[in-house]
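To keep things clear, I will list the structure first and then write my remarks on it.
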Amino acid sequence: MKILLLRAEEPKVHMVEQRHLDQIERVDPSVEFVKHIADAEVLVGFPGDLASISLSKATNVKWLHSFSAGMEKVLTPELKESDIIVSNSSGVHAIPIAEHVLGFILIFAKKFYQSFQNQQQKHWQTLHGMSEIRDSTLLVVGLGHIGKEIAKVAAGAGMRVIAVDRIGIGKPEFVQELYGTEHIREALPKADYVALALPYTKATHHLLDITKFRIMKKSAVIINIGRGAVVDEGELVEALQQGVIAGAALDVMEEEPLPQDSPLWHMDNVVITPHHSSHTTQCTDRTIDLFCENLKAYIQRKILPNLVDKQKGY
């Protein structure tokens, strides 16, 4: 089996090492890593690299696997219309992203952002009005692998967790209330924190806009670790400037990198991280483990554990 592995040089946390290649070869000793797409049966890499490949040259490719969970860059019209099966790495980022979300929540609850600003200025000031996260309400929008882990971690910290997702997925024991996606307006007013863990699709485009911000608590904080365009960024800025909601913690933006002239850079009620919530030292190991599980299924002609519906986008 011939595999073309597009090996990203940056960020270094995503670099595939020789030990990872050895691990893949142990799954099937016939694996051969090739350098040209025309020779490959399997194409593996990160979204940016995969999207740059011309499938017209991929005459032998039967399977494409993304080392990312999000598929909006990968699922080009050309790929959707092809017979190539597609899988992703949904699930490998759940632990680090859930911890990142908890960190965001604590930044706002304990006013760490203001304390850090005071530290930079060598200004000793006792802050008031800090809150406890125990018994506060977190709304998780999207109960996929990441959303469930966020809910589990938050519940473990004593938070009351409610969630929004499609009907029929089943309510985890650590989620107290589960709403269908069409009832998100019922859930939003109850939340102190709203964590968005959704893929980007036509259905999720600008899911949160000014009309939804206006029915939330004025003390609420939006946390987005899904995809930037799930939130109408312009209307989010408006809501933050007018005090419609209290704050936002953003690991993803509508445009990345975030433009230098974005008002979000200078807002005291916004915390920004550059789409790196999953970038832990364990990231690549977990990603390769998952690819190997999918490789085993592919060899055995079974349904891939991470098979993507090319039309739905996830």
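A short reminder: the numbers here are calculations on the coordinates, not readings from a lab. A quick note: this is a predicted structure, and the numbers were derived from the prediction, not measured. Cβ coordinates were reconstructed from backbone atoms using ideal geometry, including for glycine residues, and neighbour counts include every protein chain displayed.
What the table shows:
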quantity: Loop GluC sites (Glu not before Pro), the range 165-252 (other Cβ atoms within 10 Å of the site Cβ: 15 or fewer; DSSP); calculated: Glu173
quantity: Fraction of beta bridges assigned by DSSP in the chain that are antiparallel (%, nearest 5); calculated: 5
quantity: Fewest-first ranking of Ile225, Ile150, Ile107, using other Cβ atoms within 10 Å as the exposure measure; calculated: Ile107, Ile225, Ile150
quantity: Whether the range 51-198 is rounded, prolate or oblate, judged on the alpha carbon gyration tensor where a/c under 1.5 counts as rounded; calculated: oblate
quantity: Relative contact order computed over the range 94-272 (Cα-Cα under 8 Å; 6+ residues apart), in percent; calculated: 17
quantity: log₁₀ of I(q)/I(0) at q = 0.13, 0.17 Å⁻¹ - the range 94-272, Debye sum with one point per alpha carbon; calculated: -0.62, -1.07
quantity: Residues with amide H under 5 Å from that of Val164, placed H, sequence gap 5 or more; calculated: Val140, Val141, Gly142, Tyr179
quantity: Kyte-Doolittle mean at least 0.5, axial Cα span of 15 Å or more - DSSP H helices of the chain; calculated: 94-109
quantity: Shape of the chain, Cα gyration tensor, a/c cut at 1.5; calculated: prolate
quantity: Residue-by-residue Karplus 3J(HN,Hα) for the range 247-260, coefficients 6.51, -1.76, 1.60, Hz, glycine and proline x; calculated: x, 8, 10, 10, 9, 9, 10, 5, 10, 10, x, 4, x, 4
quantity: The range 207-222 - phi-based ³J(HN,Hα) in whole Hz, Karplus 6.51/-1.76/1.60, Gly and Pro as x; calculated: 4, 9, 9, 4, 5, 7, 4, 6, 9, 8, 5, 5, 8, 6, 10, 8
quantity: Ascending count of other beta-carbon atoms within 10 Å, so fewest first, for Asp165, Asp289; calculated: Asp289, Asp165
quantity: For the chain, size of Cβ-based charge dipole, Lys and Arg +1, Asp and Glu -1, in debye; calculated: 620
quantity: Distant-in-sequence amide H partners of Ala249 (H built 1.01 Å from N, under 5 Å); calculated: Ile222, Ile223, Asn224, Val271
quantity: The chain - percent relative contact order, Cα under 8 Å, separation 6 or more; calculated: 16
quantity: Sorted peptide list for 64-71, 119-126, criterion being average Cβ within 10 angstrom, highest first; calculated: 64-71, 119-126
quantity: The range 238-314 pair-distance distribution - Cα-Cα, 5 Å bins, rounded %; calculated: 3, 11, 14, 13, 13, 11, 11, 10, 7, 4, 2, 0
quantity: Of Gln242, Gln176, Gln260, the one that fluctuates the most in a GNM where the chain has Cα springs shorter than 10 Å; calculated: Gln260
quantity: In sequence order, calculated HN-Hα J values of the range 56-71 (Karplus, 6.51, -1.76, 1.60; Hz; x Gly/Pro); calculated: 5, 8, 8, 5, 10, 6, 10, 9, 10, 10, 9, 7, 10, 8, x, 10
quantity: Total charge dipole magnitude, the range 94-272, about the Cα centre, Cβ charges on Lys, Arg, Asp, Glu only, Debye to nearest 20; calculated: 540
quantity: Estimated inter-spin distance, Ser56 and Ser219, nm [label 7 Å along Cα→Cβ]; calculated: 6.0
quantity: Choice from Lys148, Lys80, Lys302 with maximal GNM fluctuation in the chain (Cα, 10 Å cutoff); calculated: Lys302
quantity: Environment charge at Cys292 (Cβ cut-off 13 Å; Lys +1, Arg +1, Asp -1, Glu -1); calculated: -2
quantity: Rounded if a/c under 1.5, otherwise prolate or oblate - the range 172-314, Cα gyration tensor axes; calculated: prolate
